1. Report, for the chain, the % of DSSP beta bridges that are antiparallel, rounded to 5.
2. Once the Cβ-Cβ distance between LEU87 and ASP23 is put in as r, and R0 is 25 Å, what FRET efficiency do you end up with, to the nearest 0.05?
3. What longest region of the chain stays clear of GluC sites (Glu not before Pro) that DSSP places outside H, G, I, E and B and that have at most 11 other Cβ atoms within 10 Å?
4. With each pseudo-label sitting 7 Å past Cα toward Cβ, what's the GLU106-SER14 distance in nm, one decimal?
5. At 222 nm, what value in deg cm²/dmol follows for the chain if DSSP H runs of at least 4 each add -39500 (n - 2.57) and the sum is divided by all its residues, to the nearest 500?
6. What's the ranking of 31-37, 69-75, 103-109 by average number of surrounding C-beta atoms within 10 Å, highest first?
7. Could you work out how far apart the two model spin labels at THR59 and VAL40 are, taking each label as a point 7 Å from the Cα in the direction of the beta carbon, and quote it in nm?
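Please treat every number below as a calculation from the coordinates, not as lab data. Only a predicted model underlies this, so the values are computations on that prediction, with no experimental measurement involved. Here the Cβ positions follow ideal geometry from the backbone for every residue, glycine too, while neighbour counts run over all protein chains shown.
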Amino acid sequence: MADELVQLVDVYGSPGFLLLAVDDSDQRLGCVGLKNLGAVNGQATGEIRRLFVRESGRTAGLGRSLLQDLINRSKGAGFGRLVLNTLPTMVAARGLYVELGFTTCEPYVESPIEETLYLALDI
């Protein structure tokens with residue numbers, strides 16, 4: 001992850017992007033990114049990365065807002081499919097993904113964590 005933070009433009013550069021949510025005092029409350037994976041099985045595919053919301057933003061639906069904004073922006077940028085990976089312990093996030101229509105898919109990257117779950121959404 002340290003390399004990713006140093007190379008934000010390489011990881012999240014156009015047509016990918018990084019969304020940040022801040023409050024009225026410019027305190028960062030959450031983020032989510034989209035990494036361009038290029039064409040996968042003939043579809044422009046983006047990988048959703050680093051969805052994070054501070055506890056103070058969780059009850060307000062900030063995670064849902066960030067993810068819905070990312071989906072809408074992805075459509076506008078020409079992506080046809082979104083993928084992500086998560087862990088079984090991320091119960092709230094997994095519930096949100098399922099509510100928004102994500103379904104289980106084949107692994108698209110190798111993960112060092114055996115329990116990693118892979119989800120996708122055609123948009």
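1. 90
2. That gives a FRET efficiency of 0.35.
3. 1-109
4. With each label placed 7 Å out from Cα toward Cβ, I get 3.3 nm.
5. Only helices count here, giving -8000 deg cm²/dmol.
6. Going by the mean number of other Cβ atoms within 10 Å, highest first, we get 31-37, 69-75, 103-109.
7. Output for this residue pair reads 3.6 nm.
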